[in-house]
Amino acid sequence: MLELVDVCARYNGTEVLSGVSLSVEPGKITAIIGANGAGKTTTLRCIIGILRPSKGKILWRDRDLTALDTKDIVKSGITMVPEGRHVFPHMTVSENLDMGAYLRRNIHEIKKDRSWVFELFPVLKIRSGQTAGTLSGGEQQMLAVGRALMSAPDILLMDEPSMGLAPMLVDEVFHVIHQIKQTGKTVLLVEQNAVKALSIADKGYVLELGLTILSGTGTELMNNPEVERAYLGI
Amino acid sequence: MKGWDILYYLVNGLPIGAIYALVALGYSLIYASAGVLNWSQGDMVMLGAFIGYNLHCLLGLNFILALLITTPAVACIGMLVERIVLRSLRKRSSPPVNVVIGTLGVAIICRNLALAIWGPDAQLFRSPVGSVPVEIGTLRLFPQDIFILILGIALMILLQYFLKYTREGKALRAVAQDRMAASLMGIDVGKSDTLAFAASAAMGAVAGILIAPLFFVTFNMGAGIGLKGFVAAVVGGLGNIPGAIGGGFFLGLIESFASGKISSGYRDAIAFTVLILILWLKPAGLFSKITKETV
Amino acid sequence: MDHGEQPILELRNISKRFGGLKALEEINISIETGTVHGIIGPNGAGKSTLFNVITGLLRPNSGEILLKGNPLSHIPPHRRIPLGLARTFQNIRLFKNMTVEDNVLVGQHVHTPTLILSIICGTRPAIEWENKAKESANTCLRRVGLESMKSQFARNLSYGEQKLVEFARALATEPELILLDEPAAGMNAEEKAGLLKIISKLRDDRYTVVLIEHDMRLVMEICDQITVLNHGKKIAEGEPQIVRNHPDVITAYLGKGSNAYAGTR
Amino acid sequence: MDRVRKLFLLLFSLVIGIALISVPYSGSAANKVLKIGSVAPETGDSADLGQAQRRGIQMACDEINEQGWAGDWKLEPHFEDDEGNPTKAASVTNKLIQETKVPVIIGAINSSCTLAAMVHTERAGIPQITSGSTGASITAQGNKWIFRTAVNDSHQAIALIDYAINRLNLKKVSTFTAADDYGQSGAVLLKAAADKAGLEVVVEATYNTGDKDFKPQLLLMKERGTEAIFMWGIYVEPALIGNQARLLGMDCQLFAASGSASHKLIELGGEALQGMILTQSFLPESDIPRVKSFIDNYNKRFGEDPIPHAAQPYDSVYIIADAVRRIDTTDPVKLRDAIANTSGLELVTGSPRFAANGDDVGKRVLITEIRGDAFRLVEIAAVELSD
Amino acid sequence: MERYKSSIPTCLYKLGFIAVILCVPYIIRNLYYLHLINLIGIYCLVVIGLNILTGYTGQISMGQAGFFAVGAYTSALLMMKLGLSFWVATLIAAVVAAVLGIIIAIPALRLTGPYLVMATVGFGEIIRLILVNWVPVTRGAAGLTAIPAPSLFGFRIISEKSFFYLIYIVVALGILIAVRISNSKIGRTFIAIREDELAAKSMGVPTNTYKVSAFAISAIYAGIAGSMFGCFSGVASPDAFTFNDSVGFLCMSIIGGSRSIYGAFIGSVTLTFVSELLRFMQLYRLIIYGAILLLTAILMPQGLSGMGPVFRKFSHRWKGKRRLHGNIQHSQRKER
C-alpha cells in the first residue's frame, strides 16, 4: 500500500538517507527500528513531505508522493504523529482533536471518531476542556495520537511515540497502538525501543546509517542478534 | 472632582486604547502566523479611513454599508501585501529585517499614493452617532468614544470567535502555535499567512473608520497610529492575542494619565520610558511567560 | 579527599527538574584526568541536560560540580571557559556565516587580550597577537584535519566537517576537559574513523574527553569509562565491557521484553 | 582580492553616482526670465501648507506673466519639496541655487527648514523670502538676505490679548499651543503679552502635532477656571480642541492666530467653533478688490478658499516681481536691496514694508470672528507696528 | 589591513582611489552635488556605526537618529554656550553619545527582534521629544541656529569644499577604524554573537559586554557624525532627527549591505542619490522611492555589497566556467 523505493535524502547538506526501501501492508503494523541517527525520523519526514527526498520514489496507492505538498499528502490519507508530540499548547484538548479533523467536513463522522478517540483514551475525555500545554507528557502523547486519528487516516505514521515517557506510560502507548491496528488501520511505527516495537509489529525494518539493513517479521527480528549489534555496536 | 479625576482619565484612555488594540492585534496576528513584522499596518488604518471617507462622505453611502465595503477592500490590500511582499521575501529566505524594509516600502507607497489621490488636507468625517455627550455625574462620555469602544470590543470578540470557533480561525491559531504540526493536519500554512494579513488589514480598516471622526482623515495618519499599535503589540507580547488587546488599552491609559497628570509635551516620552522599563523587566512583553532558549 | 590523582571533574548529587519532569536525579560522576569518558543512554535520558549543567547554561536544582576540586556553581558560563572547560553542541552551533578559521579564532577568545587601542591604531602588539591566535587556530584545525578548509564559510562545509570545526573551536579554548555532544552524529564511516583517531590522540596528550554518543561502536572502542543514563538516573557505570553486558543497559536500549500482545497477534 | 573588489565597487558606485547626477540641466535660454525658487514641504506632515504655497506661487506667476505686470520679465517658478526636514531643505536650496540658478527663493515653511536653508542663501548671497515661518530666531540673526512675509506673530499675540482684556473683560486664560516652532514661539509671545497686560495665564499646555486627544489638558483648564483658550498651531488641532472643549462642557472663549485661519478650520470644527476669535492678515469675505479678486481666482482655479500659506507666498511673488520691475535685472545683490526697499504695494495681506531685520511691518492685523461658515471682521487691530 | 601583503597593483588602486577622492571638490564644481557628497559622508559615518551594531552584532536599531541628534546638540551647545572648540566639543559629544548608548544597551541586552526594535524606536522618540520640549536648553522645535563653524589652525571650515575635506578625512578614519575593528578579534566576536549568542558564550565570550560595546561604538559614530552635521548645516532642530531619519539610516544600512563596512558607503550613496534623482518626479517621487525600497529588500537580501558574488557568478557563467561552489545550493525546505 505504501512503498518506499531506494529513497535518499539530504539534510543540511549531509546525506541522511542513502537508500531506504520498505513496503507497508494494509492493516498491519510495520516498525522501523534502529539506533539514533539511523534515519528513522527522516524517513517519515520524507513520506509526509516535510522533507523532499533527493532520490527515490515514495508510492502510495501507486501514486508518487515525492512532489506533493504536506497538505496534499495528508489529504490523501496519511497522517503523522510527530516526534515530540507537537500538540497545540494553547488550544484545549478538544480543539486539538478538531484540528486533526481539519480536512474533514462530515460532522457526523467526526463526532463518531471523536467518541471513538475518547473511548480509546478516556483521560482525554476528562481533560477535554484543558489546554494541551497543561497536560502531562503521556497525556500529550495520547492527544497527539488521538489528534492524528481524527483525520481518519488510512495509514498512521508514528514517530517515537514512547520517547520521554515513563515506563508505565510506554506500555500504555503500545497498548493503544495495538488497539488502533485492531480497528483496521495501518500503522508505520518508528521506534527506538526495539523490543517493544517488534513485540507488536507484524513486520519490521532495521535501519542503520540511512540504509535498510534487515527486515522480517517482528519475532524474527527480535531473535536476530544483528539487531542487538546494530543498537549496541557489538 | 478629585475622585472623578482618576475615573475621567480612565474613561478617556479606553477608546483610544481600543483603537491601539485593534492595530496591535493586526501586528500580533501577522507575527503569530508568519513570524514577521508588517510595518504597513498603520497605513491600512489610513486606507480604511480614506476609503470609508470616500464611500460615506463623498458618495453618501450609509455608514454601516461603507464599513462593510471598506473592510473587505482593505483586507484585499493586506492579502496583496502578503502575496507580493512576504512570499517573495520568503522565497529568497531574506532576513527578517528585510521584511521590515519591504513593508516599510509598501507603507511609503500607500501614504504617498493617498497624498496624490486625496491631497494633503485633513478631511472631515462626520461621526455617525452625533456629538451630544452623555452625562453621568460629572463624567461626560462622547458618543463617538462609546461607539469606538463598543464596536472595537465587538470586533475583538468577533476575532476571538473567529479564532476560537471557525475552522479557518482555528487553523490560524494552530499555525501560530506550531507551524509544522499544523501542516501535518493538512492546513495550508501559506493560506493561513494570507488570512492573517487579510484579517489584520481588515481590523486596521475598521480602526481607521472608527477614528476618522476623531482624527479627521489625513494621508499621514497611519504613521503615528501604526507606531503606537506596534508598541502596544510588543508590550503585550507579540503574537499574543489577549496581550495585544491588553497592550493597547494599557498604552491608551498610560497616555491619558501621562498627558493629564504629568506633561502633555512629554506624553509619548513618558509612555515610551514606561514601556522600555516594562520590557526590561519582562523582555517578552507584559502578558507572556518568559521562555528561555535551550540547547 | 584522596591524595592520589584528583578527578578533573566531579559531579555530586546533581539534580535538575523542569517543572515536574526530573531531567537529572542525584547524579554522581567522577571523571579522571586523561581519560575518555562516555555518557550514553536512550533519547531523553538527560545527557545533554547534564552537559548544560556542567557548562553552566542550566543551573542545577541541587548538587555540586567540582572542576579540579574547585566548585563551579556560582561561576557564569563564559567564565568557566578559562578554567579549562570546553564543549561542542548536539545540533551544531557554528557561526555559519564566518570562515572556518574565524570560527576557531572565536574559540581563542579568552586567551588573547582585547587591545582596543592597539587594534584601532594597527600597532604591532595587536598584529602579533592576531598572528599568534591564528597560528594556534591553525594548530587546532590541523588536529582535526581541516586546515585546508580554513577560508571556507562554515555553512558550506558538510555536516561531518562542521562537527569537526566545532571540535576544533572547542580545542581552541585550550581546555583540559572537553565535552563532546554527539560528535559522530551525521558522520560517515570514514569521518568517524578520523574522529576516533583525533580523540585518541587527545587522550595521548593528556586531555580529558567526555562524550555523549549514540554510535555504540565508537563509544565502546574509544571510551575508558562509560556512564549510562536513563530517565535522568545513572543506571550503570564502568568499563565498556561491563556496561555492554549490563542487563539494565540492554533493557534501556532495546526496551523491556514484554509479550503482552504476543498472544493476540 | 576581496578588498580590491570592494574598493573597485566603491569607486564604481561613486562614478556612476556622479555620472547620473551630472546630467546637464537644460534651463530656458530666453532673456528676461526670472526664476523663482520655492522650498516647501509638499509631502510629509505639513504637506497641506507646502502645497498651498505651491498654488499661491503658481497663481501669482501665471497672473504676472499674463498681465505683463513685471514688464518683459517672465516668471518661472521652480518648486522643490523639503518634506519638512531641514536637511532636505538645505539640499534643495542648494540645488535651486547651484543647478537651477535662481536669483531668489521663497521658503521654507517650517522654521527649522527655513533656518537650514538660510545658511545656504546667505552663503550664496541670494535673497530669500519666507512666507510661512514665524519663528523669532529667523530674523534675529542679522542675516540681511532673509525677508519674512509671514505675519508677525508678536503683533497678533498682542492684538489677541488686548481684545480679550478690553472687549471681553477676561481675567483667567490658558494657552494651548503646538510643540512645534510655530506653536512654541506663539506660546512665548502670548505669555509675554498676557504678563504685560496683567492677564492671568492659569494653564500653559502644549500638544504635539498629530495628537488627537486633548481632553486631559482641557480638563485641567476647566478645573482651574479658565475663561478663554488661546491656541497657536495649524488648523487641525484647534478644530479638535474646540470640539473637545465643547464636549467637555466648557463654554470659554476660543482664540487663535492666523496659522489656524483656514476654511478647513470652520469645516472641521463645525458648531463648536462659532464665535472663535482669530487674527488674520486677509479676509476671504473682504471688500478690498485686490483681496476679492485673489480669492475669486484662487477659488476658481483650485476649488477652495486660500489659506494664509497660499496668500503670503502669492504676495511674496508680487514683491519679487515688483523689485525686478524696478531694477530690471536679476542680480541677487540688487534684487535684495530692491526687495528691502519695497513700498507702496497694495497686496492681499497688506502693504509690505520691510524692517531692517527683514520682518514685514506692513501687514494688516484683522481681528475676525467665526460666524456661520465664514470669518467676519470684528475690528482692525490698533497694534503699534513699529520698525 | 597591515597583514595584507600589498602587491603593487593594489597599491596603485589605493593611491588612485585616494587621488580621485582628493580631487572630487575640484571635479565637482557644482556646490549642490558637493553638498550632497558631504551629506553622504556624514550619513556614511552613522551607517558604519549602525552596521557594526546591526550587521555585525545583529542588534537592530531603529533609533539611530537619537544618537545622531545627541551628537549634534551636545557639540553645538558646548560650542555656543561654553565656547569650546569644535574638536573638544566633538570629543565630548562622542562620549555623551556613548554613555547614552550604554544606557539604552542595558535594557536592550535582554531584548531581541521586534522587542529590541521597539526599545530603540522608543529611545529615538524620547530623545526627539526632549529636544522639542526642553525649550530653555534646546530652544525647542525651531532648534539651534548659528552653530559656529569648526576651525583648524585658524582656518575656518565653512565652505562646502573645506567641509568635504573635514568630513571625508573623518569618514576615512572612521572606515579605517571600523575595518580594523571588524577584522580584529572584536569584530569576530561581534559576528559570533550575531550568529549564535549561546555558542559564543560557551566559547568564553562575555556577550553582554560586547553587546553593550557595540551599542557604544555605534553611538560614538553617530555622535561624531551628528557633531559634524550640526556645524555643517549650521542649524540643528528636532525635525532633522525623527523616526523617519532613523528608518532612513536603517534602509541605507540594509540596502548597502549591513554586513560590510563599505556597504555603509554604498548604501548612503545609493539612497541619497536615488532620492535626489527622483526629484523631477515631484509628487510621485516618494511612491517610486517606496517601490525601490521594496524591490531592493526583495531582490537583494544581502544588500548591494552582497551583490559582488552574484556578479561573479554571472561572469563565471558567461565564461562558461559553471563551477558551482560546494554546498551553496542545498535547500532545506520547511525547517521548523
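The values are calculated or read from the model by the stated rules, or taken from the named source; none is laboratory data. Just so we're clear, the structure is a prediction, and the values are computed from it rather than from any experiment. So basically every Cβ, Gly included, is an ideal-geometry build from the backbone, and we count neighbours across all protein chains shown. To get the accessible areas, we keep the full protein, side chains included, count just its heavy atoms, and leave off ligands, DNA and RNA. Shrake-Rupley method; radii C 1.70, N 1.55, O 1.52, S 1.80 Å.
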Inter-residue pairs, beta-carbon under 8 Å, first in contact (Cβ under 8 Å) with a residue 40 or more places away in the chain and facing chain E (nearest Cβ under 7 Å) and in the range D:70-90, second surrounded by fewer than 24 Cβ atoms within 10 Å (Cβ to Cβ) and of a type in the set (Ser, Thr, Tyr), 6+ apart:
D:ASN85/E:THR242
Among the residues in the range C:146-166, are any within 27 Å of E:SER213 (Cα to Cα), under 24 Å from the mean Cα position of the chain (by Cα) and polar (S, T, N, Q)?
no
Can you tell me which of (1) over 26 Å from B:GLY169 (Cβ atoms); (2) modelled with pLDDT of 90 or more is the one A:ARG147 doesn't meet?
(1)
Could you tell me whether the range C:155-171 includes any residue that is open to solvent by 10 Å² or more (accessible area, probe 1.4 Å), touching a helix residue (DSSP H, G or I) at 6+ places or on another chain (Cβ under 6 Å) and either within 14 Å of chain A (Cβ to nearest Cβ) or modelled with pLDDT of 85 or more (or both)?
yes
E:GLY223 - would you say it is at positive phi and in contact (Cβ under 8 Å) with a residue 12 or more places away in the chain?
no
Quick one: how many residues across the range C:200-226 are assigned to a helix (DSSP H, G or I) and closer than 21 Å to A:ASN36 by Cα?
7
I'm trying to understand the selection: among the residues of the range D:49-69, which are in contact with a Lys or Arg (Cβ under 8 Å, 6 or more places away or on another chain) and free of Cβ contacts under 8 Å to residues at least 12 places away in the same chain?
D:ASN65
Do any helices (runs of 4 or more DSSP H) lying entirely in the range B:139-187 carry at least 1 residues that are within 14 Å of chain A (Cβ to nearest Cβ), buried (at least 19 other Cβ atoms within 10 Å of the Cβ) and of a type in the set (Val, Ile, Thr), and which ones are they?
B:167-177
When you scan the range A:215-232, do you find a residue that is assigned to a strand (DSSP E or B) and on the phi < 0 side of the Ramachandran plot, even just one?
yes
Can you pull out every residue in the range C:68-100 that is within 14 Å of chain E (Cβ to nearest Cβ), in a strand (DSSP E or B) and surrounded by fewer than 21 Cβ atoms within 10 Å (Cβ to Cβ)?
C:THR99
Could you list, ordered by first residue, the pairs with Cβ atoms under 6 Å in which the first is in the range D:115-132 and surrounded by fewer than 22 Cβ atoms within 10 Å (Cβ to Cβ) and the second is of a type in the set (A, V, I, L, M, F, W, C), at least 6 apart or interchain?
D:GLU122/D:TRP145; D:ALA124/D:ILE97
Of all helices (runs of 4 or more DSSP H) completely enclosed by the range A:64-168, which ones contain at least 3 residues that are in contact with a strand residue (DSSP E or B) (Cβ under 9 Å, 6 or more places away or on another chain) and within 27 Å of B:ASN240 (Cα to Cα)?
A:93-100, A:137-149
Take E:GLY204 and decide whether it is touching a helix residue (DSSP H, G or I) at 6+ places or on another chain (Cβ under 6 Å) and touching a residue at least 60 places away in the same chain (Cβ under 8 Å).
no
Out of everything in the range A:82-107 that is more than 19 Å from A:SER128 (Cα to Cα) and either modelled with pLDDT of 90 or more or facing another protein chain (nearest Cβ under 10 Å) (or both), what residue ends up being most open to solvent (accessible area, probe 1.4 Å)?
A:ARG105
If you take just the helices (runs of 4 or more DSSP H) that sit entirely in the range E:200-302, which of them hold at least 3 residues that are over 24 Å from E:PHE164 (Cβ atoms), out of contact with any Cys (no Cβ under 9 Å at 6 or more places or on another chain) and not aliphatic (A, V, I, L, M)?
E:207-233, E:243-256
Just to verify a result, which residue in the range A:169-210, among those that are among the charged types (D, E, K, R), assigned to a strand (DSSP E or B) and open to solvent by 10 Å² or more (accessible area, probe 1.4 Å), is modelled with the highest pLDDT?
A:LYS203
Would a scan of the range D:152-170 turn up a residue that is more than 26 Å from D:PHE282 (Cβ to Cβ), in the same structural domain as D:PHE255 (by TED's automatic domain parsing), at pLDDT below 85 and open to solvent by 30 Å² or more (accessible area, probe 1.4 Å)?
yes
Looking at the range D:186-197, is at least one residue open to solvent by less than 10 Å² (accessible area, probe 1.4 Å) and over 12 Å from D:THR175 (Cα atoms)?
no
Out of all the residues in the range A:7-21, is one or more in a loop (DSSP other than H, G, I, E, B) and basic (Lys, Arg)?
no
With respect to E:GLU160, is the statement that it is touching a residue at least 12 places away in the same chain (Cβ under 8 Å), among the acidic types (Asp, Glu) and within 27 Å of C:GLU135 (Cα to Cα) true?
no
Taking B:LEU47, is it modelled with pLDDT of 90 or more, open to solvent by 10 Å² or more (accessible area, probe 1.4 Å) and in a helix (DSSP H, G or I)?
yes
Residue under evaluation C:LEU83, criteria (1) touching a helix residue (DSSP H, G or I) at 6+ places or on another chain (Cβ under 9 Å); (2) hydrophobic (A, V, I, L, M, F, W, C); (3) over 20 Å from C:MET220 (Cα atoms), criterion not met
(1)
Checked the range A:116-126 for anything farther than 13 Å from A:GLU95 by Cα and open to solvent by 60 Å² or more (accessible area, probe 1.4 Å); matches are A:GLU119, A:PRO122, A:ILE126
Which residues, counting only those in the range C:185-233, are surrounded by fewer than 21 Cβ atoms within 10 Å (Cβ to Cβ) and farther than 28 Å from A:TYR11 by Cβ?
C:SER200, C:LYS201, C:LEU202, C:ARG203, C:ASP204, C:ASP205, C:ARG206, C:ASP224, C:GLN225, C:HIS231, C:LYS233
Determine which member of the set E:ILE191, E:ILE177, E:ILE169 is under 12 Å from C:VAL106 (Cβ atoms), assigned to a helix (DSSP H, G or I), of a type outside the set (Lys, Arg) and open to solvent by 10 Å² or more (accessible area, probe 1.4 Å).
E:ILE191
When the residues of the range E:128-151 are filtered to those that are among the small types (Gly, Ala, Ser), on the phi < 0 side of the Ramachandran plot and not in a helix (DSSP H, G or I), which remaining residue is nearest to the other protein chains (Cβ to nearest Cβ)?
E:ALA149
Have a look at C:ARG12, C:ARG59, C:ARG17 and point out the one that is in the same structural domain as C:TYR207 (by TED's automatic domain parsing), assigned to a loop (DSSP other than H, G, I, E, B), surrounded by fewer than 22 Cβ atoms within 10 Å (Cβ to Cβ) and basic (Lys, Arg).
C:ARG59
